[in-house]
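Remarks on the structure that follows.
The values are calculated or read from the model by the stated rules, or taken from the named source; none is laboratory data. Please read these numbers as outputs of a predicted model, since none were measured by experiment. Counting neighbours? That spans all protein chains shown, and the Cβs are built from the backbone with ideal geometry, glycine included. These area figures cover heavy atoms from the full protein model, side chains too; ligands, DNA and RNA do not enter into them. Shrake-Rupley method; radii C 1.70, N 1.55, O 1.52, S 1.80 Å.
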Amino acid sequence: MLRYFAEWATQFHSGFNVFGYLTLRAILAALTALAISFVVGPYAFGLIGFWDDYLKLVVGDSRGLIARYKYLWQSVAGLGAAVALYITAQSDAETTLYVPFFKDVLVPLGAAFVVLAYFVIVGTSNAVNLTDGLDGLAIMPAVLVAAALGVFAYASGNVVFANYLAIPYIAGTGEVLVICAAIFGAGLGFLWFNTYPAQVFMGDIGALALGAALGAIAVVVRQEIVLFIMGGVFVMETVSVILQVASFKLTGKRIFRMAPIHHHYELKGWAEPKVIVRFWIITVVLVLFGLATLKLR
């Protein structure tokens, strides 16, 4: 909106051109989201998550939204987003899988793009939700990953940078930087109240939507594999649950004391803040590694 306002206002004064700069709008988005979070934080997106929490807290059904229905509506939303991105693609670059570190390894997906996009969006949504089990554990990795994806969005939307870095040029993705900046700012504002001991909690309302947003952004900027790297904590949490369930059903034994894996470390005697901060440190390392793929090609 600010971009269109700037374009309209420049006819009255050239100084409004400053609001057309992508980087300034990203900074303003981050600061605005941060300010809003500080204001509304003490009192609290995703329709699915809202319904789940509504059933638990208002109706009194501790199960919330039954898992199969939750996954059904996640699938509907994820598939809808995947199909929309596929049919609106304006170049082959928008439906090609890019492998980091290898600038010449390109996998044209065609219609299979829809399948990949679906699993990335829905998978990331559930992964963030599984990670949201300790105060601040999910939001800080999400903030860091969003910030890094913003860098990829900015570079992918600039033909000069994209060619120099040997990444796909996707017209218009530079604007996604503003969304990433808003997530960054809002996430920091939420962390102010969610840090240990938490005053507010993300719940399914935030976790499902935030995860889906990160997945969708990664798909738009064609960095699904890099998301897998940078979101390694989310991946680790999800894999721990899968392994735990599979092991118990097949052998009757558990691999971890409790899954997701952050609870395993708690039961081993790690204090909650220690688990949280160490997982944050792992994310910082993984995000830096993901950003390094911009040059190591």
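Annotation: amide H of residue 97 within the under-5 Å range of 107, 109, sequence separation 5 or more or interchain, hydrogens built in the peptide plane. Protection proxy ranking for 126-138, 189-201, using the average of other Cβ atoms within 10 Å per residue and placing the highest first: 126-138, 189-201. Within the stretch 114-236, what whole-number % of the accessible surface is contributed by carbon and sulfur, with the 1.4 Å probe and all protein chains included in the calculation? It is 75 percent, rounded to a whole number. Note on surface exposure: 280, 73, 270 rank 73, 270, 280 by accessible area, highest first, 1.4 Å probe. In this calculation the C-beta distance from residue 166 to residue 277 is compared with R0 = 30 Å, giving a FRET efficiency of 0.25. Our estimate of slack between residue 89 and residue 295, defined as 0.36 nm per intervening residue step minus the Cα-Cα distance, is 71.6 nm. Estimated at 0.36 nm per residue, the fully extended path between residue 284 and residue 71 surpasses their Cα-Cα distance by 73.7 nm. Note on residue 247 and residue 28: the model spin-label points, each 7 Å out from Cα along the C-beta direction, lie 5.2 nm apart.
Residue 288 sits with roughly 110 Å² accessible to a 1.4 Å probe, with DNA, RNA and ligands left out of the calculation. The Cβ shell under 15 Å around residue 90 holds other residues with a net charge of -2, Lys and Arg each +1, Asp and Glu each -1.
Peptide packing for 141-151, 90-100 was compared via the average number of neighbouring C-beta atoms within 10 Å per residue; ordered from the highest value, the list is 141-151, 90-100. Using a 1.4 Å probe, what is the accessible area per residue for the stretch 132-285, in Å²? Result: 42 Å² per residue. Accessible area per residue (1.4 Å probe, heavy atoms of protein chains only) ranks 220, 160, 76, 287 as 160, 76, 220, 287, with the largest value leading.
For the stretch 169-179, putting each phi into the Karplus relation 6.51 cos²θ - 1.76 cosθ + 1.60 with θ = phi - 60° gives couplings of 8, 10, 4, x, 6, x, 5, 5, 4, 5, 5 Hz, in residue order, rounded to whole numbers and with x for Gly and Pro. Sequence-ordered 3J(HN,Hα) estimates for the stretch 289-297 from the Karplus curve with 6.51, -1.76 and 1.60 and θ = phi - 60° stand at 5, x, 5, 5, 5, 5, 10, 7, 9 Hz, glycine and proline given as x. In terms of accessible area, using a 1.4 Å probe and ignoring ligands and nucleic acids, 257, 25, 222, 278 rank largest first as 257, 278, 25, 222.
Among the protein heavy atoms, those of residue 281 account for about 100 Å² of accessible surface (1.4 Å probe, every chain in place).
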